[in-house]
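Taken together, the values in this text are just the output of simple stated rules run on the coordinates, not laboratory data. Here the structure is a predicted model, which is why all the values come from computation and not from measurement. Cβ sites come from the backbone with ideal geometry, for glycine too, and all protein chains shown count toward neighbours.
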Amino acid sequence: MPFVLPKILPPRSRIADASSTPSTVDAVDFYAEPEAISAAAVVIATVASPGPSPTLAEEPWRGEPLLAGVVRRLTGFDAVVVVVRTEAHAELVEEIRDATVIVDPEWEEGAAAPLRVGLDWLTHSTNVRAAFVVNLNTPDIEAAAMHELVAAHATAGTPVTVPKYRYVRGGPVLLDRDIWPHFLGAEGDLDLEAILLAHPQWVTEVRIDWAPPRHITSADDLREIAR
């Protein structure tokens, strides 16, 4: 795999060009003040759209591009890394402060490439304890659910924490820093859910008592969320 030196660009968003059975715990009491851990988010914005735009990042959502709407929901985390295909896509979030945007020239390789790039940046540039993997095909994520996952992860004893919405496992997935090296070496069309199902001993499930966020798989789904 060729290595591409990063290139840092100056807009508000920092833009870089980087050529056993799972345990289950009840949802954490948000007011119990568990021991805090630092957490980041890696937003995978390279996925193709089932609609008219080349990528989901560009599709309209609540009056703005879908990518911008998702990133705005994440600005309270210790770090937010957005991995995109091109610098034009990076401009979709240039007005959002505290987001680092990485242009991944190897995005066509498959899902492993943007995750690898995002985790690599967090490894070398931050000390956060864990990172969410945020996919644009489930944009309607709830901050409350993510806070519950962070709180549960602090005492879970496993390297991965996932939400279970009314008996259905969903996202975003929270990966502990200790397991990032496993994904830094991944290549091709990585299926994160399949990997976690194959390694149930890695996973703690946190019950979330509401329906899972809508998963975008069709143009009809896009029309629904754009309303």
Label-to-label distance, nm, for residues given as Q201 and R169 (7 Å Cα→Cβ offset): 1.6 nm
Distance (nanometres) between label positions extended 7 Å along Cα→Cβ at E64 and E94: 1.5 nm
Alpha carbon Rg of the range 84-180, scaled by the compact-globule rule 2.2 N^0.38 Å: 1.16
Cα gyration tensor category, rounded, prolate or oblate, for the range 139-227 with a/c compared to 1.5: oblate
GluC sites (Glu not before Pro) restricted to DSSP loop in the range 75-135 with at most 10 other C-beta within 10 Å: none
Cut-off 20 Å, label 7 Å out along Cα→Cβ of H215, residues of the range 119-148 by amide N: 132-143, 145-146
